[in-house]
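Chemist: Let me give you the structure first, and then I'll get to my questions.
The values are calculated or read from the model by the stated rules, or taken from the named source; none is laboratory data. Nothing here was measured: the structure is a model prediction, and the numbers come from that model. Cβ placement follows ideal geometry from the backbone for every residue including glycine, while neighbour counts extend to all protein chains displayed. Heavy atoms of the whole protein, side chains included, go into the accessibility calculation; ligands, DNA and RNA do not. Shrake-Rupley method; radii C 1.70, N 1.55, O 1.52, S 1.80 Å.
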Amino acid sequence: DGWDDIVVVGGARDLLATAAKEYFPTLGRGGIMALVGPIERGTPIELELGTYHYDDTLMVGTTSCDIDAAYKANTDFTIRKGSTVVYFGAGGPMGQTGILWAASLGDDAPGRIIATDIQSQRLACVEALASYLPPATRFETVNTSEIPVESCFSGGQIDYLVVLAPAVEAFHEYLPFMADNSIVNLFAGMRHKYAAIDAYDIAARGLRLVGHSGDDIASQKRCLDKILLGRIVTNPVVAAVGGMDAGYD
């Protein structure tokens, strides 16, 4: 029942901070906040991450005075061919499913996939999925409890970050390595958890935070059709779709 659109005009720090903290949560489902104006680098704002995951809200922006430009910049949220994709907290069923989905893209698959987790046992399950990926996709696993994030990436290297663990502190560690026009997919629900984001990254660099919770029937049917056609492999991740009783099936 909230707003469909909120346009924030101007780059004043107090204005942007208030808009993000107090007005962004008042958007209705699928609502958009557009930042429009000369926003400077190093303009911190706080965003409640649950609104992305549960309410499909979105923040877009431009450093020009063209409102239309804010809405048109970087609106393709699909994983791009040849891109670098990081699955943060990849060891669970959803992370494994996400990697197998990327494998189903074939020639359009990412060029590099990096799966991170804090448990080696979970990463061992992920490593077993490498054989399903196209030969051109470089696949790596990283235990971030042993190897710090900053030693794995350089600035502007991550095109797509899939957040599969509700750990805001760890999520912050990845933000400095996001590329221009990159996507952060908040797959894990983080209601009432806030992240500090540079408004400049949204307005000037095209960083987009997106999220989703639950598919409609049409989407579920498309997924099932791909499974039946063998385009998506699900056998390695029974835990993602059923309990012990589903094992034989």
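Chemist: Sorted by packing (mean other beta-carbon atoms within 10 Å per residue), highest first, where do 213-219, 230-236, 178-184, 120-126 land?
Modeler: Working: 213-219: 9.1, 230-236: 13.6, 178-184: 20.0, 120-126: 16.3.
Sorting 213-219, 230-236, 178-184, 120-126 by mean packing, highest first, produces 178-184, 120-126, 230-236, 213-219.
Chemist: Can you work out ³J(HN,Hα) from phi for every residue in the range 159-175, in order, using Karplus 6.51 cos²θ - 1.76 cosθ + 1.60 and θ = phi - 60°, giving whole Hz and x for Gly and Pro?
Modeler: Each residue of the range 159-175 in turn: 8, 8, 10, 9, 8, 10, 10, x, 10, 5, 4, 5, 4, 4, 5, 8, 4 Hz.
Chemist: Same structure again: Computing the accessible area with a 1.4 Å probe over protein heavy atoms, can you report the carbon and sulfur percentage for the chain?
Modeler: Working: 6680 of 12540 Å².
Answer for the chain: carbon and sulfur cover 53 percent of the accessible area.
Chemist: Continuing with this model, one more query. Rounded, prolate or oblate: which one fits the range 4-77, using the alpha carbon gyration tensor with axes a ≥ b ≥ c (rounded when a/c is under 1.5, else prolate when a/b beats b/c, else oblate)? Show your work: numbers first, answer last.
Modeler: Details: a/c = 1.79, a/b = 1.21, b/c = 1.48.
Note, shape of the range 4-77 comes out oblate.
Chemist: On a full-extension model of 0.36 nm per residue, what is the gain between residue 5 and residue 231, subtracting their alpha-carbon distance, rounded to one decimal in nm?
Modeler: Roughly 77.6 nm would be gained on extension.
Chemist: Then there's this: For residue 209, list long-range residues whose amide hydrogen, built 1.01 Å from N in the peptide plane, is under 5 Å from its own amide hydrogen.
Modeler: Close amide H contacts, sequence-distant or interchain: 59, 184.
Chemist: So with the 1.4 Å probe, I'd like the accessible area per residue for the range 162-204, rounded to whole Å². Could you put the intermediate results ahead of the total?
Modeler: Numbers: 1640 Å² over 43 residues.
Per residue, the range 162-204 has an accessible area of 38 Å².
Chemist: A further question follows. Mind checking the range 117-151 for GluC sites (Glu not before Pro) that DSSP puts in a loop (not H, G, I, E or B) and that have at most 13 other Cβ atoms within 10 Å?
Modeler: Numbers: sites: 127, 140, 146, 150; in loops: 146.
Counting only loop positions with at most 13 other Cβ atoms within 10 Å, the GluC sites (Glu not before Pro) in the range 117-151 are 146.
Chemist: Could you work out the helix-only [θ] at 222 nm for the chain, with each DSSP H run of four or more residues adding -39,500 (n - 2.57) and the total divided by the number of residues, to the nearest 500 deg cm²/dmol? Working shown, then result.
Modeler: Details: 9 runs with 65 residues, N = 249.
Per the formula, -6500 deg cm²/dmol.
Chemist: Could you run the Karplus curve 6.51 cos²θ - 1.76 cosθ + 1.60 with θ = phi - 60° over the range 96-111 and give me ³J(HN,Hα) per residue in whole Hz, x for Gly and Pro?
Modeler: Result, rounded to whole Hz: 5, 4, x, 5, 5, 5, 4, 5, 5, 6, x, 5, 9, 5, x, x.
Chemist: Moving on to the next point. Take every Cα pair under 8 Å in the range 1-154 that's 6+ residues apart, average their separations, divide by the length, and report that relative contact order as a whole percent. Please report the intermediate quantities before stating the final value.
Modeler: On the way: 258 pairs, mean separation 25.2, N = 154.
16 percent.
Chemist: Return the distance in nm (one decimal) between the two label points of a simple spin-label model at residue 29 and residue 222, each offset 7 Å from Cα along Cα→Cβ.
Modeler: If labels sit at residue 29 and residue 222, their model points lie 1.8 nm apart.
Chemist: Tell me, what ³J(HN,Hα) does each residue in the range 68-75 have, in order and in whole Hz, if you take phi through Karplus 6.51 cos²θ - 1.76 cosθ + 1.60 with θ = phi - 60° and put x for Gly and Pro?
Modeler: The phi angles translate into 4, 5, 5, 6, 9, 6, 6, 10 Hz.
Chemist: Which log10 I(q)/I(0) values does the range 158-213 give at q = 0.16 Å⁻¹ under the Debye formula, counting every alpha carbon as one identical point scatterer?
Modeler: Values, matching the q order: -0.44.
Chemist: Let me spell out the model: positive unit charges on the Cβ of Lys and Arg, negative unit charges on the Cβ of Asp and Glu, origin at the Cα centre of the chain. What dipole size does that give, in debye rounded to 20?
Modeler: In total the dipole reaches around 460 debye.
Chemist: Right, another one. Would you mind checking which residues have amide H under 5 Å from residue 115's amide H? H placed 1.01 Å from N; only 5 or more apart, or other chain.
Modeler: Long-range HN contacts for residue 115: 87, 140, 141, 142.
Chemist: Given contacts defined as C-alpha pairs under 8 Å and at least six residues apart, what's the relative contact order of the range 159-211, whole-number percent? Mind showing how you got there, number by number?
Modeler: Numbers: 65 pairs, mean separation 23.2, N = 53.
Computed value for the range 159-211: 44 percent relative contact order.
Chemist: Looking at the range 112-163, which chymotrypsin sites (Phe, Trp or Tyr not before Pro) are DSSP coil and have at most 13 other C-beta atoms within 10 Å of their C-beta?
Modeler: Values: sites: 132, 139, 153, 160; in loops: 153.
Counting only loop positions with at most 13 other Cβ atoms within 10 Å, none of the chymotrypsin sites (Phe, Trp or Tyr not before Pro) in the range 112-163 qualifies.
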